[in-house]
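Peer 1: Quick one: structure below, then a few questions.
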Amino acid sequence: MTARLVWENLKHKPMRSLLSVLLIGVPVTLVLSLVGLSHGLSEDAQTRARGVGADIIMRGASTSKVAISFSGTTINEKYIGLIGQYPHVKMALGVVVHPVELPLNVMGVDLGEFRRMSGGFTYLAGGPLRDSDNDVLIDKFYAAQRHAQVGSTLSIMGRPWRVSGIIQGGKLARIVVDKKRLQFLDGVSGKVTVIYVKLDNPALADQVVEQLRQDENWADFNIDTMEAFTSMFSVNNIEQVRIFTYVVIGIGVLIGFAVVCLSMYMAVLQRTREIGILKSLGGSNSFILRIVVIEALTLGLFGTVLGILMSYGACWVIGALVPASIPMIIVYSWWPIALVITLAGTGLGSLYPGLSAARHDPIEALAYE
């Protein structure tokens, strides 16, 4: 009986119900989209870092210990040769990093050395750099974002580059140029931003890192295993993202509370005579309260489903417009979390209207016009 009453109440005012569901679904979409963006950026950065094929990463002392960014081209290239002589080091690769637009970087690399370390890039179209001074490699996501193809001219770093090849992605960077050319353009000849180190036995990575940290020759370096480095990209390790997520969740709960409180309060006013009839037929205060709360929770459930569907729409739009800059993904594990958050907000929002309805005097309610 309760379920039928709730369903009939929702059908009685379809526009009010639909608007309530929509207004509840919007913050759900915001929360899921924010989580999808943060996880997408994190997983993309981890994938590209692991794709280098290195076991250890060495950054200059001026480089932030936070893994999200590289700052400064501060490492003299002589260190690449020195680290290559260290026990268990199979090879070392120096890379120049030039930020262009958050979170995109142009990376300068020696393609031959990179091929030795990682197996090289997989070309979907075109091929390696032919004119090292003017050619650029871009991955398929950046190519889609810039509507570029092999032979296209792109303005990057304030100068024109010819697209020599479109790569699969998932390795190093979305935009790759010749290392020496980038050093020349940045005025940092003989220096690199980061050194990737490949060992003859990856299982020794932790041991080698500790030995390097204790060696005075590497005192001015931030040295990490690639596993430790990529773990820094985890959303849970980025305080600002975590706080921002909590703020958006709080806003979502507040919106759900306000929408349901207003919607159910108006519904109670409109159904005063109905409540009087139910109470005169023996409906208890808890029964009236239960009807209002269940109706609100039903709106919350439908709002969550709509929010999930709209998050797919947001993911499609972002993927179509800026797949390289904002790699959003759908995080399924957050669906039940979003549902709990929404039900909490809608449940709290229904208490005042529900208690107000339960306190109606049946005689006064029946006389209500």
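The values are calculated or read from the model by the stated rules, or taken from the named source; none is laboratory data. This is a predicted model, so every value here is computed, not measured. Because the Cβ atoms are built from the backbone with ideal geometry, glycine has one as well, and the counts that use them run over all protein chains shown. We work out accessible area using only protein heavy atoms, side chains counted, and drop any ligands, DNA or RNA first. Shrake-Rupley method; radii C 1.70, N 1.55, O 1.52, S 1.80 Å.
Peer 1: Pairs needed: first member in region 251-267, under 16 Å from LEU301 (Cα atoms); second member anywhere, acidic (Asp, Glu); C-beta distance under 6 Å; at least 6 residues apart or different chains.
Peer 2: Sorted first by the residue in region 251-267, then by its partner, the list stays empty.
Peer 1: Please tell me if LEU262 is modelled with pLDDT of 90 or more, in a helix (DSSP H, G or I) and open to solvent by 40 Å² or more (accessible area, probe 1.4 Å).
Peer 2: No.
Peer 1: Which is at pLDDT below 95, under 11 Å from LYS198 (Cα atoms) and open to solvent by 30 Å² or more (accessible area, probe 1.4 Å), of HIS98, HIS88?
Peer 2: Among HIS98, HIS88, only HIS88 is at pLDDT below 95, under 11 Å from LYS198 (Cα atoms) and open to solvent by 30 Å² or more (accessible area, probe 1.4 Å).
Peer 1: Any residue that is within 23 Å of VAL28 (Cα to Cα), at pLDDT 70 or above and part of a loop (DSSP other than H, G, I, E, B) - is there at least one of those in region 276-285?
Peer 2: no
Peer 1: Within 30 Å of ILE341 (Cβ to Cβ), modelled with pLDDT of 90 or more and not acidic (Asp, Glu), is that true of THR2?
Peer 2: no
Peer 1: Could I ask something else about it? Being farther than 25 Å from PHE233 by Cβ and open to solvent by less than 50 Å² (accessible area, probe 1.4 Å) is the requirement here; does GLY112 meet it?
Peer 2: yes
Peer 1: Another question about this same structure. What number of residues in region 20-42 are open to solvent by 30 Å² or more (accessible area, probe 1.4 Å) and either more than 8 Å from the chain's Cα centre (by Cα) or of a type in the set (Ser, Thr, Tyr) (or both)?
Peer 2: Within region 20-42, residues that are open to solvent by 30 Å² or more (accessible area, probe 1.4 Å) and either more than 8 Å from the chain's Cα centre (by Cα) or of a type in the set (Ser, Thr, Tyr) (or both) number 4.
Peer 1: Another question about this same structure. Does region 237-259 hold any residues that are modelled with pLDDT under 80, open to solvent by less than 50 Å² (accessible area, probe 1.4 Å) and not hydrophobic (A, V, I, L, M, F, W, C), and which are they?
Peer 2: Scanning region 237-259 gives THR245, GLY252, GLY256.
Peer 1: Hey, another quick one. Checking SER311 against (1) farther than 24 Å from LEU23 by Cβ; (2) of a type outside the set (A, V, I, L, M); (3) at pLDDT 80 or above, which single condition isn't satisfied?
Peer 2: Only one criterion is unmet by SER311, namely (1).
Peer 1: Let me ask you something else. So, in region 306-324, how many residues would count as being part of a helix (DSSP H, G or I) and buried (at least 17 other Cβ atoms within 10 Å of the Cβ)?
Peer 2: 9
Peer 1: Hey, among PRO336, PRO327, which residue is at pLDDT 85 or above, assigned to a helix (DSSP H, G or I) and either of a type outside the set (Phe, Trp, Tyr) or under 17 Å from the mean Cα position of the chain (by Cα) (or both)?
Peer 2: PRO336
Peer 1: Note down all Cβ pairs under 8 Å where the first residue falls in region 15-44 and is part of a helix (DSSP H, G or I), the second is of a type in the set (D, E, K, R), and they're at least six residues apart or on different chains.
Peer 2: Going by the 8 Å Cβ cut-off, the qualifying pairs are SER17/LYS11.
Peer 1: On to the next question. List pairs: first residue in region 209-228 and in contact (Cβ under 8 Å) with a residue 60 or more places away in the chain, second residue open to solvent by 90 Å² or more (accessible area, probe 1.4 Å) anywhere in the structure, Cβ distance under 8 angstrom, at least six positions apart or on different chains.
Peer 2: Qualifying pairs under 8 Å: ASN222/LYS65; ILE223/ARG213; THR225/ASP206; MET226/ARG50.
Peer 1: Which is farther than 19 Å from ALA49 by Cα, within 27 Å of the chain's Cα centre (by Cα) and at pLDDT below 95, of ARG146, ARG159, ARG130?
Peer 2: ARG146
Peer 1: Which pairs have Cβ atoms under 6 Å, sit 6 or more apart or on different chains, and link a residue in region 121-142 that is among the β-branched types (Val, Ile, Thr) to one that is open to solvent by 40 Å² or more (accessible area, probe 1.4 Å)?
Peer 2: THR122/GLN168
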